[in-house]
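The values are calculated or read from the model by the stated rules, or taken from the named source; none is laboratory data. Just so you know, these numbers come straight off a predicted model, no measurement behind them. All Cβ positions, glycine included, derive from the backbone under ideal geometry; neighbour counts span all protein chains shown.
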Amino acid sequence: MTEILAQNCCRESEANFVILLATAAGMWWGFLWVPSILKSKGDVMNKALKIAGVGLVIVSATAVMLLIQQRRKGVSLQGLTTPAMAASPTASGLPRLVDLGADKCIPCKKMAPILEEMKEQYKGRLDVVFIDVWKNPNAGAEYGIKLIPTQIFFDAAGKELFRHEGFFSKEDILAKWKEFGVDLSDAASQTPAFERLSPAKTDERPKDTICYMCDGSIAPKSLVTVQTEKGPVRLCSPHCYFIMYSCLTEDKTGFEKKVTVTDWTTGKPVALTEAAFLCGQDETTGRPWIKAFAAKDAALAERATAGGNVLALEALQQKEVSHRCGFCDRACYPQDAAEVIVEGGMHTWGCCSHCALGVAARTGKDIEVREKDRLTKQPIVVKTFEGKVASLEPKTAVAWFGQRQKPDGTWASAGCFHQGFFTNADNLKKWVEQNPCETGRLIPISQALADKMRLSPEQIKKACKIGECVPK
Ligand SMILES: [Zn+2]
Ligand SMILES: [Zn+2]
């Protein structure tokens, strides 16, 4: 049996290599000849041959697509026909999770940190066993598996309860154990429930001093006003104006004519289209700042002491909307955003923690989110696989889902400025204490991701656009 398994693994990799070679050759041939076939006036036989060649290209490409798909799902161990063991008693008398995989298969690698974590976390309550079937080929046959990774659930008596092929997230594993009456959640392992649904303090600031986008206080020298059908909208800064601009779904032609900024020198209003802008960067954070001026001379004079560059509106706008949230398209500064690395190497940003997870839903790809604890700025890294959390660093990290009550009594997102990740529940609680007006609840990061994965393409298109969050 050892040999059969070893041969199968080899055979599979040889076959893959042949398919890849055939595709490469076919594609090369296709690129060279397809254009000339379309133009050629040769005899019928010649044409038929060439068309057959095109067919080969298509078949080869399909084969590769299937191969890639199969690789993502798991690696086939075709040819193993030994039935599953009826029972596999455990020495410890505990329920047991056996994962059969290999160290070089992608979904197996994604399983590794989950298994390690569960082994540690449920010590004394659940046996977690990993078997490398490429190093122990007998095991693959013994357990009768067809694909790696395969997870097999055994009860305390050693009776097989269930098996699953492919990547299986921690939340799904726990849910499955629960179905079989093994509840692994308890005070030690479960994220403690925490919520604050009514603010600890009411916001007593006058309404016209609160920024419409970020809820920050508006300094009179940087006020921006936008005339809308529903009346004037007040914003704390030109940056919040560009955020608002990027969240509009209406036709934006001539929109800038509705906008007034404040002259930094006199504090008097000036039309956005007539202002000059001084832009610089904060020395320590690198975060951009913008000051508006009625006259270019005044901007140049301020530059002499404050530094920065004087920009016209068009150049400023280009710069301000050049970095967008990879989920909701909102303009953002990378310094404020979560970094998102999409499978394949593309980098983007999440304007908030939850939007960062949304990149997995929007692209349909695996992502890595690098976010900072909203209280302590400590790093938090989330890796996803097939729309589920594959690893979380640190493991104690949780999400705050900022919510507010709508006039009809239901709860909805309080918007991107009110979300965040924390390295642990204590940090989250401290932050909530420091921000007495915030309302919402603690949720596991896996739930924040699941909420995004449930969205339809239409919902994703509308995400975070003006009017989608709780009205103010
Ligand atoms: Zn603002
Ligand atoms: Zn966003």
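Would you say Cys351 is more than 15 Å from the chain's Cα centre (by Cα), closer than 30 Å to Asp263 by Cβ and in the same structural domain as Phe417 (by TED's automatic domain parsing)?
On the way: more than 15 Å from the chain's Cα centre (by Cα): no; closer than 30 Å to Asp263 by Cβ: yes; in the same structural domain as Phe417 (by TED's automatic domain parsing): yes.
For Cys351, the condition - more than 15 Å from the chain's Cα centre (by Cα), closer than 30 Å to Asp263 by Cβ and in the same structural domain as Phe417 (by TED's automatic domain parsing) - is not met.
Filtered by the rule that a residue be out of contact with any Lys or Arg (no Cβ under 7 Å at 6 or more places or on another chain), not in a helix (DSSP H, G or I) and not basic (Lys, Arg), the range 441-470 gives Leu442, Ile443, Pro444, Leu455, Ser456, Ala463, Ile466, Gly467, Cys469.
Name the residues in the range 240-254 that are away from ligand 2 (no atom under 16 Å from the Cβ) and surrounded by 15 or more Cβ atoms within 10 Å (Cβ to Cβ), would you?
Tyr241
Kindly provide the set of residues from the range 326-338 that are buried (at least 18 other Cβ atoms within 10 Å of the Cβ) and touching a Ser or Thr at 6+ places or on another chain (Cβ under 8 Å), ordered by number. Across the range 326-338, the qualifying residues are Gly326, Asp329, Arg330, Ala331, Ala338. Exactly one condition in (1) buried (at least 19 other Cβ atoms within 10 Å of the Cβ); (2) over 35 Å from the mean Cα position of the chain (by Cα); (3) away from ligand 1 (no atom under 16 Å from the Cβ) is not met by Ala292; state its number. Here Ala292 clears every test but (3). Scanning the range 256-278 for residues that are surrounded by 21 or more Cβ atoms within 10 Å (Cβ to Cβ) and closer than 19 Å to Gln318 by Cβ gives Val259, Val261, Leu272, Ala275, Ala276, Phe277, Leu278. Of all residues in the range 149-163, one or more are touching a strand residue (DSSP E or B) at 6+ places or on another chain (Cβ under 6 Å) and among the basic types (Lys, Arg). Is there a residue being over 17 Å from Phe168 (Cβ atoms), in a loop (DSSP other than H, G, I, E, B) and among the aromatic types (Phe, Trp, Tyr) anywhere in the range 115-134? There is at least one residue in the range 115-134 that is over 17 Å from Phe168 (Cβ atoms), in a loop (DSSP other than H, G, I, E, B) and among the aromatic types (Phe, Trp, Tyr).
The set of residues from the range 215-259 being touching a residue at least 40 places away in the same chain (Cβ under 8 Å), closer than 24 Å to Val470 by Cβ and away from ligand 1 (no atom under 15 Å from the Cβ) comprises Leu248, Thr249. If you filter the range 372-386 down to residues that are among the hydrophobic types (A, V, I, L, M, F, W, C) and touching a helix residue (DSSP H, G or I) at 6+ places or on another chain (Cβ under 9 Å), you find that the one that is nearest to Arg362 (Cα to Cα) is Phe385. Show me the strands (runs of 3 or more DSSP E) entirely contained within the range 355-428 in which 3 or more residues are among the aliphatic types (A, V, I, L, M). Hits in the range 355-428: 379-385, 388-393.
For Leu357, indicate whether it is in contact (Cβ under 8 Å) with a residue 60 or more places away in the chain, farther than 30 Å from Glu386 by Cβ and either within 11 Å of ligand 2 (Cβ to nearest atom) or touching a Cys at 6+ places or on another chain (Cβ under 7 Å) (or both). First the steps, then the outcome.
Details: in contact (Cβ under 8 Å) with a residue 60 or more places away in the chain: yes; farther than 30 Å from Glu386 by Cβ: no; either within 11 Å of ligand 2 (Cβ to nearest atom) or touching a Cys at 6+ places or on another chain (Cβ under 7 Å) (or both): yes.
For Leu357, the condition - in contact (Cβ under 8 Å) with a residue 60 or more places away in the chain, farther than 30 Å from Glu386 by Cβ and either within 11 Å of ligand 2 (Cβ to nearest atom) or touching a Cys at 6+ places or on another chain (Cβ under 7 Å) (or both) - is not met.
Only one entry in Glu393, Glu468 is over 24 Å from Gly344 (Cβ atoms) and of a type in the set (Asp, Glu), namely Glu468. Whether a residue is in a loop (DSSP other than H, G, I, E, B), more than 8 Å from ligand 2 (Cβ to nearest atom) and either modelled with pLDDT of 95 or more or of a type outside the set (Val, Ile, Thr) (or both) was assessed, and Asp329 does not pass this test. Of the residues Asp183, Asp172, Asp208, the single one that is within 16 Å of ligand 1 (Cβ to nearest atom), surrounded by fewer than 18 Cβ atoms within 10 Å (Cβ to Cβ) and among the charged types (D, E, K, R) is Asp208. Of all the criteria given as (1) in contact with a helix residue (DSSP H, G or I) (Cβ under 6 Å, 6 or more places away or on another chain); (2) farther than 29 Å from Glu368 by Cβ, the one not satisfied by Ile131 is (2).
Would the range 374-388 turn up any residue that is outside the structural domain of Cys247 (by TED's automatic domain parsing), within 14 Å of ligand 2 (Cβ to nearest atom) and modelled with pLDDT of 95 or more? Working first, answer last.
From the range 374-388, those outside the structural domain of Cys247 (by TED's automatic domain parsing) are 374-388; that's our starting set.
From what is left, the residues that are within 14 Å of ligand 2 (Cβ to nearest atom) are none.
No, the conditions are met nowhere in the range 374-388.
Selection of the range 412-429 for residues being more than 16 Å from ligand 1 (Cβ to nearest atom) and either touching a residue at least 60 places away in the same chain (Cβ under 8 Å) or buried (at least 21 other Cβ atoms within 10 Å of the Cβ) (or both) yields Gly420, Phe421, Phe422, Thr423, Ala425, Asn427, Leu428, Lys429.
Output the residue which, of all residues in the range 344-354 that are part of a loop (DSSP other than H, G, I, E, B) and at pLDDT 95 or above, is farthest from ligand 2 (Cβ to nearest atom).
Step one: list which residues in the range 344-354 are part of a loop (DSSP other than H, G, I, E, B), which gives 344-345, 351-352.
With at pLDDT 95 or above added as a condition, the list becomes 351-352.
Details: Cys351: 3, Cys352: 6 Å.
By that ranking, first place goes to Cys352.
Here Ala315 meets each of (1) assigned to a helix (DSSP H, G or I); (2) away from ligand 2 (no atom under 16 Å from the Cβ); (3) surrounded by 20 or more Cβ atoms within 10 Å (Cβ to Cβ) with one exception, condition (3).
Only one entry of Ala299, Ala304, Ala331, Ala315 meets the criterion of being within 16 Å of ligand 1 (Cβ to nearest atom) and not hydroxyl-bearing (Ser, Thr, Tyr), and that entry is Ala331.
For the range 354-381, the set of residues classified as within 8 Å of the chain's Cα centre (by Cα) and either surrounded by 24 or more Cβ atoms within 10 Å (Cβ to Cβ) or not charged (D, E, K, R) (or both) consists of His354, Cys355, Ala356, Leu357, Gly358, Val359, Ala360, Ala361, Ile367, Val369, listed by residue number.
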